[in-house]
Amino acid sequence: MKIAFLYVAEPYQCYHVAAVSSALSLMPDISVTEFVSFPETAEHLDAIRHRNGLGKDIDKGTLKIPLRAAMLRRLRRFDAERDLVMRANIDQLEQFDAVVATEYSAGVLREMGLVRPALILIQHGAGDRAVNDEHLIRYFDLSLVSGPKIAESFLAKKLATAAQTRIIGYPKFDVVSKGPCQDQPAFHAGKPIALYNPHYKKGLSSYGKFLHPLVEAIRTLDRYDLLIAPHIKIFHRDLGKRRRLFESVAGERVSLDTASPALLDMTHTTQASLYIGDVSSQVYEFLIRPRPCIFLNPHGVSWRDDPHFRHWTLGDVVERKEDLLPALFRAAERHEFYRARQERLIQETFGSQPRRGASHRAAQSIRAFLRGDVEGSSLPAAA
């Protein structure tokens with residue numbers, strides 16, 4: 001069986017699937033080819049495999065990059081570029097038995113004419129936010145998800161059937177447990193780290209209204225060092241303006257990371273003592289070890305009883321600038337109120353299977369699905 005792994009977004013996606021493609025490549029009846037549109041993604045894949053001893057190198061295919069797609073990349077319009085790249089490579093992907101992707105957007109391959117290969121999703125991230133391209137999950141023949149929370153959401157929204165869904169755990173954990181997040185010195189050498197992880201989604205992200213007040217509150221309280229680690233998509237279509245905004249607040253007890261591997265490999269979420277954010281799924285990676293959280297809602301979103309904001313039940317939610325300092329002051333003592341809820345939602349998000357081994361479970365699920373094995377062909381009752 002010939003399986004193509006398609007990487008048409010920035011390097012963050014490879015941390016979720018590198019170990020899966022490696023596990024499949026070691027199976028005697030399977031050949032794996034990886035197609036990478038960003039050179040830095042290939043560098044991350046090589047680094048992950050070297051660091052984790054994931055076995056042999058995997059064949060790399062060459063994606064056709066149309067001239068217009070190259071122009072869109074220079075303008076940092078990555079979503080539009082991605083669609084052009086996928087369309088230009090339909091004929092090449094058609095030669096495989098399966099195409100594996102981590103982006104819902106790869107569902108458009110069916111609309112673009114992909115017919116023969118099975119289309120397989122390994123979901124990246126494990127958050128709650130509603131996304132515009134979620135409807136494209138319907139085009140995937142098999143979806144591999146981290147836990148019952150996401151599986152049940154797919155079924156409830158009729159995005160996938162039980163026969164099309166497998167709970168495997170979170171493959172990213174297989175490639176970060178031996179990574180730098182375990183043995184690198186902390187980004188700060190001073191006070192405990194408060195990690196600020198603003199999302200890029202317009203109307204939900206907090207940095208536009210809360211960045212400067214948050215920095216001021218951190219410096220006033222003098223209890224934490226602040227590490228700002230924005231979602232990398234904040235800098236799409238940026239041309240430097242947003243980067244300069246974040247750089248303007250760096251300095252005394254405030255550090256900024258916009259490009260290092262630590263943004264992707266859980267270094268920051270492992271080392272921080274307090275999480276401050278809005279709607280990024282990275283909060284669940286942080287909460288593998290329950291710790292205090294603060295969520296920022298400067299837009300006054302009506303979030304209570306909305307499953308897309310389930311993570312906002314895991315810490316205090318701040319809607320006014322003047323409430324930032326009190327929230328920081330009491331975050332540690334308030335954690336006991338949220339700890340049990342954090343532990344329960346982490347189980348729902350990542351399941352109860354062993355934390356390590358999700359990549360092998362994913363590889364076995366893909367192989368069984370392609371072979372038409374009946375066993376394991378439906379969603380487990382519990383995971």
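Structure notes:
- Using all pairs of distinct alpha-carbon atoms, the Kirkwood hydrodynamic radius of segment 45-143 works out to 15.2 angstrom.
- Two-decimal ratio, the chain, of alpha-carbon radius of gyration to 2.2 N^0.38 Å: 0.98
- Excluding same-chain neighbours fewer than eight residues apart, the lysines reachable from residue 60 by a Cα-Cα span under 17 Å are 2.
- On Cα atoms only, tilt of 78-88 relative to the major axis of the chain in degrees: 0
- For GluC sites (Glu not before Pro), the sites in segment 254-324 that DSSP calls loop and that have at most 14 other Cβ atoms within 10 Å are 319.
- Straight-line cross-link partners of residue 321 among the aspartates and glutamates, defined as a Cα under 20 Å from its Cα and at least 8 positions apart when in the same chain: 216, 222, 225, 278.
- With each label modelled as a point 7 angstrom along the Cα→C-beta vector, the residue 60-residue 243 pair spans 2.3 nm.
- Per-residue 3J(HN,Hα) values for segment 207-223, derived from phi via the Karplus relation 6.51 cos²θ - 1.76 cosθ + 1.60 with θ = phi - 60°, read 5, x, 9, 10, 4, 5, x, 5, 4, 4, 5, 4, 5, 5, 5, 6, 10 Hz in sequence order (x marks Gly and Pro).
- 10 °C / 1.306 mPa s Stokes-Einstein diffusion coefficient of segment 155-313, Kirkwood radius on C-alpha pairs, µm²/s: 93
- Extension gain, residue 50 back to residue 341 (0.36 nm per residue minus Cα-Cα distance, nm): 101.0 nm
- Percent accessible area from carbon and sulfur atoms, the chain, protein chains only, probe 1.4 Å: 51
- Surface analysis of the chain yields an accessible area of 43 Å² per residue, using protein heavy atoms and a 1.4 Å probe.
- Reachable lysines from residue 158, criterion Cα separation under 26 angstrom, eight or more residues apart if same chain: 149, 201
- Relative contact order (%) - criterion: Cα under 8 Å, at least six apart; region: segment 1-79: 34
- Helix axis angle, 324-350 relative to the chain longest principal axis, alpha carbon, degrees: 20
- Between residue 80 and residue 97, the distance separating the two model label sites (each 7 Å from Cα on the Cα→Cβ line) works out to 4.0 nm.
- Proximity of backbone amide H atoms, modeled 1.01 Å from N, is registered between residue 5 and 33, 34, 35, 100 at under 5 Å, excluding neighbours fewer than 5 places apart on the same chain.
- Angle between the chain longest axis and helix 14-25 axis [Cα atoms, degrees, rounded to 10]: 30
The values are calculated or read from the model by the stated rules, or taken from the named source; none is laboratory data. Quantities reported herein were computed from a predicted structural model and do not represent experimental measurements. Every residue, glycine among them, receives a Cβ derived from its backbone with ideal geometry; neighbour counts consider all protein chains shown. With ligands, DNA and RNA removed, areas are computed over all heavy atoms of the protein, side chains included. Shrake-Rupley method; radii C 1.70, N 1.55, O 1.52, S 1.80 Å.
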